[in-house]
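Below is one structure; the comments refer to it alone.
The values are calculated or read from the model by the stated rules, or taken from the named source; none is laboratory data. Quantities reported herein were computed from a predicted structural model and do not represent experimental measurements. As a convention, Cβ positions derive from the backbone with ideal geometry for all residues, glycine included, and neighbour counts pool all protein chains shown. For the accessible areas, the whole protein counts, side chains as well, though only heavy atoms, and no ligand, DNA or RNA atoms are used. Shrake-Rupley method; radii C 1.70, N 1.55, O 1.52, S 1.80 Å.
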Amino acid sequence: MSDNRKTKIKVEDLTLIFGKRKQEALKMLEQGVSKEEILKKTKCTVGVNRASFEIKEGEVFVIMGLSGSGKSTLIRCLNRLNEPTAGKVIFDDHDITRETNKELLETRRTEMSMVFQKFGLLPHRTILENAGFGLELRGEEKAARDERAKTALETVGLKGYEAQYPAELSGGMQQRVGLARALANDPEVLLMDEAFSALDPLIKSDMQDELLEIQDKLHKTIVFITHDLDEAIKIGDRIAIMKDGVVEQIGTAEDILTNPASEYVEAFVEKVDRKTIITAETLMFKKHTALEVHKDGPKGAVRKMRSIAVDQLPVVDEHKKFLGHVWLQDVLELEKEQGKSLEKVINTNVPSVYKHYTVEEMLPLITGIRHPLAVIEEETGKFLGLVTQTSLIIEATRFEKKEVIKLKEQANEL
Amino acid sequence: MDKLIDLGKYIEQGINVLEESLSGLWGAIDDVISWTVEFLNDTFLAIPFIVIIALVTFGAYYANAGKKAFKKEGIKKGVSLALFVVLGLLLIWAMGYWKEAIQTTTLVIVATIIALLFGIPLGIWAARSNTANAIIRPILDLMQTMPAFVYLIPAIFFFSVGNTPGVIATVIFSLPPAVRLTSLGIRNVPEDVIEAGHAFGATDKQILFKIQLPLAKTTILAGINQVILLALSMVVIASMVGAKGLGAIVYQGIQQNDIAKGFESGLGIVVLAIILDRITQAVAKK
Ligand SMILES: Nc1ncnc2c1ncn2[C@@H]1O[C@H](COP(=O)(O)OP(=O)(O)OP(=O)(O)O)[C@@H](O)[C@H]1O
Ligand SMILES: [Mg+2]
């Protein structure tokens, strides 16, 4: 990342106040009165408080912050969906806050496109028509806009869905349409407000990869809001952290992680807290393969283990009650001795956890063992799933993948 | 007891002033409505009844069956209403009330069109401006609580006896659902879709015609359905100021204590109501 890139958007002392007595509130804000005080005295909410920053051309600029910290308000000031109360938004070399309505329409139509958390697609129009909607609004011919919408849909991997309707698509695919609609306009800037927050984790991750790929080709300037730190680190060149309408810190992920500017930022990027929040239920692999002691003999056990490439599996009885684990080498031995039942080789002396166990509570259990933890139902002992050591360690630490592997090796050597 | 305030007299004077000062306007309105109603009546009556029955039947069939009109699936959907239309209209004709049924239908059509001409724009306005909504809402509430007869009074003051006061009273009576449901439909359009429109540089007009109205379509059509049914429910009352049609026969039946007449014409109105309701509902569902 070289910093001699051109500045694309320059935000100067941008303030936005919600409410009727804006000027009064603005004055109080300049005198250093607190947000709460202003709310109490004027019934005005300070959405954004004197934010200043620059976004470079081709940069992915991420805005993070707790709910209500003013992220949406800030991004919506950039295309004036929210009218700033004071300050400037300089785009290339013109001030967007001073544009006439006509100029503003032109800016929205050609220079900045937005992608929304709730997609905002038109249910009565096909995917193709939705993708070309921005072009339609600016008056392009049908043939031309269909052509460009098609290309955009192809870019986001939705070729072949042109004639369908939004309701026929999954959430992830709908958001691809939202992205295609933004790309079809060929804007210089993409504004994405929690664009992936409503998606399932796996699809979210796909979309992130896709966005990065697209960005590799198209080099847009992207302003991206998220409250997911992993997402911010993955796609952001720089991250801005907001609190109560104020931009608290701006920097690369590295800067922010190693040098948090305030306790708020620190708390925000620390995962220590997560250890006490994330539970076995979130981490476990549900419906994991298990051996059934009343049905599976040694041959079946070996087969099951090989089919999912593990050397150890949990064992349950006919009521799905968790009994323990068996190891491949024990099973092989049993087979050699012509044994029929797995019962003999079950290792019952293994820890198991309940759904509500936190990472912090589970960590001590995995020292000295090298198999996953079984999650069982509290009342019945029914087997629910497995929590692997890797996922526990990743949750508990902020180490890179490499270090996690090293840690695991150490654990295995025990 | 002596009257303390002679409110009725002031209103009467007010209406007299209105009537005299704008007599040109009332005359013009009267001319346009009477002419339209008569023109439509003459046209429909000039067409052989069997052709009209065939057209309405096919219309009803197509409204239900849609593009699958010539497939098994479509036949299944459309055939029962089509059958009802044929039998119902034939019954009206056989009872000897064809002309009156046409007159009633014309009245309903003209009143509905006028009600929509005012109601839909008013609904759009009420949806987009809270001030407008605050003004229109109570007026609509008042209009709907008022007994239908009341609308006959001003209508008859401004227009002589005939179809026009009937149409006018019917328009006023059936207007509220057009306004309400248009406004409701537009207000229910999800905020995120509107916002997407703004973000992509839509003008207010584009927001209205490309987003709000298409998404409110189903609700607005439900409103149109209600307008039609309310208009039809006014025909007996409208006949008291001289509107022609099945309503007038019902009214005669009541006055002459003629059960046969009253029953037949009443049945005719019911048949028309069911046909109009089912057809508009089928259209709204699309
Ligand atoms: N239209 C509005 N009128 C009044 N106050 C508002 C309005 N929109 C937002 N606010 C207030 O402004 C502040 C910032 O809201 P904003 O929506 O920008 O937060 P956010 O960071 O996007 O939160 P989230 O993560 O929940 O989306 C909040 O206190 C909110 O209550
Ligand atoms: Mg937000």
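Summary table below
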quantity: Unmet requirement for A:Gly68, which otherwise passes all of (1) within 10 Å of ligand 2 (Cβ to nearest atom); (2) open to solvent by less than 20 Å² (accessible area, probe 1.4 Å); calculated: (2)
quantity: Pair list, Cβ < 9 Å and 6+ apart or interchain, from the range A:90-101 residues that are open to solvent by 40 Å² or more (accessible area, probe 1.4 Å) to residues that are in a strand (DSSP E or B); calculated: A:Asp92/A:Thr7; A:Asp92/A:Lys8; A:Asp92/A:Ile9; A:Arg98/A:Lys88
quantity: Qualifying residue in the range A:324-332 (condition: within 19 Å of A:Val350 (Cβ to Cβ), modelled with pLDDT of 85 or more and surrounded by fewer than 16 Cβ atoms within 10 Å (Cβ to Cβ)); calculated: yes
quantity: Boolean, B:Phe118 is open to solvent by less than 30 Å² (accessible area, probe 1.4 Å), among the aromatic types (Phe, Trp, Tyr) and more than 30 Å from A:Gly120 (Cβ to Cβ); calculated: no
quantity: Unmet requirement for A:His124, which otherwise passes all of (1) within 30 Å of A:Ser67 (Cα to Cα); (2) without any contact (Cβ under 8 Å) to a residue 60 or more places away in the chain; (3) open to solvent by 50 Å² or more (accessible area, probe 1.4 Å); (4) within 10 Å of chain B (Cβ to nearest Cβ); calculated: (1)
quantity: Whichever residue in the range A:209-223 is away from chain B (no Cβ under 14 Å) and surrounded by 20 or more Cβ atoms within 10 Å (Cβ to Cβ) and, among such residues, is nearest to ligand 1 (Cβ to nearest atom); calculated: A:Ile222
quantity: Top-ranked residue in the range A:71-95 [being within 13 Å of chain B (Cβ to nearest Cβ) and of a type outside the set (Lys, Arg); ranked as nearest to the chain's Cα centre (by Cα)]; calculated: A:Ser72
quantity: Qualifying residue in the range A:22-41 (condition: within 16 Å of ligand 2 (Cβ to nearest atom) and either open to solvent by 10 Å² or more (accessible area, probe 1.4 Å) or closer than 23 Å to A:Lys234 by Cβ (or both)); calculated: no
quantity: Qualifying residue in the range B:200-214 (condition: on the phi < 0 side of the Ramachandran plot, open to solvent by less than 10 Å² (accessible area, probe 1.4 Å) and within 20 Å of the chain's Cα centre (by Cα)); calculated: no
quantity: Unique residue being open to solvent by 10 Å² or more (accessible area, probe 1.4 Å) and more than 16 Å from ligand 2 (Cβ to nearest atom) when the list is A:Lys8, A:Lys56; calculated: A:Lys56
quantity: Matching option when the condition is open to solvent by 50 Å² or more (accessible area, probe 1.4 Å), within 16 Å of ligand 2 (Cβ to nearest atom) and either more than 14 Å from chain B (Cβ to nearest Cβ) or not aliphatic (A, V, I, L, M) (or both), among A:Lys299, A:Lys287, A:Lys243, A:Lys234; calculated: A:Lys243
quantity: Elements of type helices (runs of 4 or more DSSP H) contained in the range B:131-243, each with 2 or more residues being more than 14 Å from chain A (Cβ to nearest Cβ); calculated: B:152-158, B:163-187, B:213-233, B:235-239
quantity: Verdict on A:Lys299 being modelled with pLDDT of 85 or more and within 19 Å of A:Lys286 (Cβ to Cβ); calculated: no
quantity: Flag if B:Ala282 is in contact (Cβ under 8 Å) with a residue 24 or more places away in the chain, within 22 Å of B:Val86 (Cβ to Cβ) and surrounded by fewer than 20 Cβ atoms within 10 Å (Cβ to Cβ); calculated: no
quantity: Residue in the range B:145-166 that is open to solvent by 20 Å² or more (accessible area, probe 1.4 Å) and under 30 Å from B:Lys286 (Cα atoms) present; calculated: no
quantity: Tally of residues being open to solvent by 60 Å² or more (accessible area, probe 1.4 Å) and aliphatic (A, V, I, L, M) across the range A:251-266; calculated: 2
quantity: Selection count, the range A:103-115, where residues are without any contact (Cβ under 8 Å) to a residue 24 or more places away in the chain and within 10 Å of another protein chain (Cβ to nearest Cβ); calculated: 2
quantity: Number of the condition not met by A:Glu99 [criteria: (1) within 30 Å of the chain's Cα centre (by Cα); (2) within 21 Å of B:His198 (Cβ to Cβ); (3) away from ligand 2 (no atom under 16 Å from the Cβ)]; calculated: (1)
quantity: Count of residues meeting criterion [within 9 Å of ligand 2 (Cβ to nearest atom) and either touching a Gly at 6+ places or on another chain (Cβ under 8 Å) or open to solvent by less than 10 Å² (accessible area, probe 1.4 Å) (or both)] in the range A:71-81; calculated: 3
quantity: Test: residue in the range B:241-258 that is within 23 Å of B:Leu122 (Cβ to Cβ), open to solvent by less than 30 Å² (accessible area, probe 1.4 Å) and of a type in the set (Gly, Ala, Ser); calculated: no
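Listed here are the residues, each with its yes/no results for (1) under 20 Å from A:Ser72 (Cβ atoms); (2) at pLDDT 95 or above; (3) outside any helix (DSSP H, G or I); (4) within 14 Å of chain B (Cβ to nearest Cβ).
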residue	(1), (2), (3), (4)
A:Gln117	yes, no, yes, yes
A:Leu128	no, yes, no, no
A:Lys150	no, yes, no, no
A:Glu154	no, no, no, no
A:Gly157	no, no, yes, no
A:Met173	no, no, no, no
A:Asp186	no, no, yes, yes
A:Ala195	yes, no, yes, yes
A:Ala198	yes, no, yes, yes
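Residue by residue, here is whether (1) touching a Leu at 6+ places or on another chain (Cβ under 8 Å); (2) touching a residue at least 12 places away in the same chain (Cβ under 8 Å); (3) within 22 Å of A:Asn82 (Cα to Cα) holds:
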position: B:Ser174; (1), (2), (3): yes, yes, no
position: B:Val179; (1), (2), (3): yes, yes, no
position: B:Thr182; (1), (2), (3): yes, yes, no
position: B:Gly185; (1), (2), (3): yes, yes, no
position: B:Asp192; (1), (2), (3): no, no, yes
position: B:Ala196; (1), (2), (3): yes, no, yes
position: B:Ala199; (1), (2), (3): yes, no, yes
position: B:Lys205; (1), (2), (3): no, no, yes
position: B:Leu208; (1), (2), (3): no, yes, yes
